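Nothing in this text is a laboratory measurement; each read-out follows from the coordinates by a stated rule. Quick caveat: nothing in here was measured; it's all calculated off a predicted structure. So basically every Cβ, Gly included, is an ideal-geometry build from the backbone, and we count neighbours across all protein chains shown.
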Amino acid sequence: MSEPVVVDRPERSRFEILVDDEVAGRAHYRLRDGVLAFTHTEVEDRFGGRGIGGALARGALDAARSRGLRVRPDCPFVKGWIDKHPEYQDLL
């Protein structure tokens, strides 16, 4: 398995995480007025238990930070992930 890669798909309003060029998960969002609101995160069943969801959250939040965006974690997964990683609290 190759290293997962997180890419933004703004035309689909979501981040995707790719494993061996296959979409392993998605983090859907709405972008408005400089705020990236995460609405839903999902990982394909066959990729479960490998830390793909956490890598997706980290990659998406790092992208938000690099673009100077604030974050609203409406998605329970992203909210829980940020709660466990205080270094991302400043994005809220």
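With only Lys, Arg, Asp and Glu charged, each at its Cβ (+1 for the first two, -1 for the last two), find how big the charge dipole of the chain is about the Cα centre; round to the nearest 20 debye. Let's see the in-between values first.
Values: 15 positive and 16 negative charges, 82 e Å.
Using Cβ point charges on Lys, Arg, Asp and Glu, the chain gives about 400 debye.
Residue by residue through the range 44-51, which ³J(HN,Hα) values in whole Hz follow from phi under the Karplus form 6.51 cos²θ - 1.76 cosθ + 1.60 (θ = phi - 60°), with glycine and proline marked x?
So the Karplus estimates, Gly and Pro as x, are 4, 3, 5, 9, x, x, 10, x Hz.
If I build a Gaussian network model for the chain, linking alpha-carbon pairs within less than 10 angstrom, which residue out of PHE77, PHE15, PHE47 has the largest mean-square fluctuation?
Result for the chain, Cα springs under 10 Å: PHE47 fluctuates most.
If I model a spin label as a point 7 Å beyond the Cα along the Cα-Cβ vector, how far apart are those points for ASP62 and LEU92 in nm?
2.2 nm
Give me the number: length gained by fully extending VAL7 to ALA37, i.e. 0.36 nm times residue separation minus the C-alpha to C-alpha distance, one decimal in nm. Provide the component values of the computation, followed by the final result.
Details: separation 30, 0.36 × 30 = 10.80 nm, distance 1.67 nm.
Net length gain for the segment: 9.1 nm.
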